[in-house]
1. May I ask you to derive the relative contact order of the range A:4-309, considering only C-alpha pairs under 8 Å and at least 6 residues apart, and to give it as an integer percent?
2. Which whole-number percentage describes the relative contact order of chain A, with Cα contacts under 8 Å and a sequence gap of 6 or more?
3. Just report the Cα centroid separation between the range B:3-43 and the range B:422-469, whole Å.
4. Sort B:254, B:200, B:93 so the one with the fewest other Cβ atoms within 10 Å of its own Cβ comes first.
5. Shielding of B:319-325 by partners, i.e. mean partner chain Cβ atoms within 10 Å per residue?
6. Which angle from 0 to 90°, rounded to the nearest 10, does the C-alpha axis of helix A:466-479 make with the longest principal axis of chain A?
7. Any idea what angle helix A:366-379 forms with the longest principal axis of chain A, computed on alpha-carbon atoms, 0 to 90 degrees, nearest 10?
8. For the range B:119-186, with equal point scatterers placed on the C-alpha atoms only and solvent neglected, what are the log10 I(q)/I(0) values from the Debye formula at q = 0.15, 0.23 1/Å, to two decimals?
């Protein structure tokens, strides 16, 4: 199989996503008062409604409807005032009524969009934008200084309920194939579930990954879901087809499942694009089928061939009253919208003169954005001066630390905004070197100490006193007359040697800037 | 046991008076009623299960209230023998829907209408036979054998709430609850000669009542007097947070019963009276009732329901579609019949549903599945919902002129077992009742004596505007002053049964 | 009478609704369904141009919701009380794919 970059030169990938998110931050299920809780004893969060007992009736959770309207408003959707719940027949044991209560042709949220900023390595998959000037558009992408912006349409976000969970026994590794029987737990059945469907506007696996990432940031900012891809509270399916560069007609698409991490989403789509290209290039045919991404085997495998369109016998659910939302109500929900990541990034750029890149990365996580803001507040009058070094600390050091310590939340570490500001102040005042700053940063986290204390205990205070340094400089020059001679004869590279000698004398605590200045002036005189 | 009064043959007012005067205790009511059921049910087969313990526990509560002089706090139906159609969940009892599918299902929760009846002080005697999942008009589709008509044991009690009608007609209970999707309360009420009320859709909660057609189903009472029906309505009506389609009802249904019909405008539908299949004896009874209403001071007005003739086909689209979906949950996994010995789920599904569902249930489920399938939906389901709009508008227009409409309930009196075997012929039983379910407004059957030809009970139908159920009860109460309260079927009158 | 559904269609519907029918039952059901569907003809002959459907016969009722407040749930024992088969606190079902099935 050819590599993705090669394939994308000849083929354009057309990708659409279906993203499910459970509204895990609510207290109860979609249509009954059973508690939402992951990992409880099987079937202990069940009642007549979510077990589909005969005679039980659903009553929608108001907070769930508010949540999905928030999601719609945050993704630039039109909020439909008139919509209904439908029944979608789905005879499968994890669906207790054997139909799913979901929405019909009209969902609460329709016709939205998100813009994705793609830059760096991520932009490289989009080979068709070569030669565009900044501000110029091709397809649904617009060239920017650092990459491009992709405009991605959102078809709809609708409200539905999740299914129960099954464990398959006897098939090896819990697989359904070969299983002799299965166990059903309905604790998850009826969990409020939103499904967002994009237009087929994505062109690369990177765009798909970034879309998912951005949507996750928005949902987290809205506080409507914990968006755990591991626990399955946020899940993504992809539809992929290929067409020759320049072609208008869509190819046959396959549906890809089990992409339960950002990496799997990217890799699964990348594999599927390459697989389809190979089949097509060898004169073969793509079948409309559902495929499963196997991350360990690094390939997609067929789950189900769709010979005909599924017939879900969809019809309006007579048990649920229709919705007739008022402008007033929609506005009352809009008033609850928190600052969204894009808005926050723009504010950071504006208020603290950060680059778009820094601002975007700061707001990637709510915790880092909040941390940065707390630091700026503590910085007070110095906020403008300290913004860039604090941003660097957060984006580079803090992120690296958190990545290395999986499962650790920033709030649970000894690094408080006050300590971060103190550390940055030390560096900004040249009290410690940037190399020492790294050591102090590590010590704060490992030993739970204030930066000033670390510096004091380790005798790290940088000496910037010109008098003290001058004495050392003079001594070093006096001790190396031959080198001084060579320097003055043109071997200026020796400056490093002199700096090193001075630092050695001062056990690393001399301010390199002052040393450099003094050396330069004395050697040139 | 010494002969006790047939409490089930008494009205709620008489029972209350007797309790207050300490002529008898609630325990006597419970024990005597259970004994009568035990004796009568061998022939009638109205009850599928009796609830001795629940009855005795409830009787003890009522007796304690009597002793404390607090009977009023006990509720509107204190000490009244009550029973429920077997599609109503009552915790700890079987709720079979007269289907093999649910033969062993034990309810883990209680339907709101049942809970309210018991909260009102009713003594729960048991669960009543019906057509399987309410699909039928005769109780002949019950998997446990049909209920018989107390007026003539060779005849059907009507259906689907045949057990509920028969129990009241035989004086085994004062109030029973049934459900009506296309006529399933009113038609058996007519066949057995009881007052039978299908309230406006949304007046009574459907929570806990096993669904047939969710947009059509409505729960209502069977009684032998209009006053008891109004009392029962007071007990069960009103908004239930567990049913989104239930609505606030702040009406005392007994309030205007004594007002008479003077000044009321009552509609008659000429097309109904000329309908093919309407038997002369039923027609004569409706005309007679109309004359009585006129004599009592009502103004009779002819009204037109031009689209009512489409109600039958709309109903046989909507009912099966909703039933198909509602019955999808019976799959042998969480409850219900599970055919043993299957190694794969699909064969367990197919065998369990084939063996668990009777022929009429299978027909309705499969019909509904067909009607909702891609391409077919637009031909039947969607137009049926449009027709519903037209029928609703018809009624709304008629109610601009009248307060209530008088019509036949069933085109004929009760038929013999096996007499109507073709499903489409059976469906005609509901020709005068169905349009009311389609539009959602209230309708009731009031017994007006026996037919001239068959000497079997005949009911007339009174139909109210939506959420004006008090109108039909008022007209019914006026007619009742002429016809008298419904008698217990002669074979069961005066405690004859159980001796 | 018009043939609305063939025996083949009826087999498909039986499969969809998971009702196992014998050949004889399929034949009988085909006759019954055709008769019933035939009786529905009035619906197909109505002039319904511009008529809105009424999916909910409840007047102007809309936006009926509950608050996000926890209510008591069943215990595991009660949840499973009617289960034909159970294991480890769960409902037990036989192989979903069946012999040699894959998906």
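1. Working: 682 pairs, mean separation 70.8, N = 306.
So the answer I get is 23 percent.
2. Details: 930 pairs, mean separation 76.0, N = 525.
Relative contact order for chain A comes out at 14 percent.
3. 30 Å
4. So the residues, fewest neighbours to most, are B:254, B:93, B:200.
5. On the way: counts 0, 2, 4, 5, 0, 7, 11.
That average works out to 4.
6. With both axes taken from Cα atoms, the answer is about 70 degrees.
7. Here the helix axis deviates by roughly 40 degrees.
8. At q = 0.15, 0.23 Å⁻¹ the computed log10 ratios are -0.42, -0.92.
FYI, it's all coordinate maths here, none of it is from the lab. For clarity, every value in this text was computed on a predicted model and none was experimentally measured. A quick note on method: Cβ atoms are made from the backbone with ideal geometry, for glycine too, and the neighbour counts reach across all protein chains shown.
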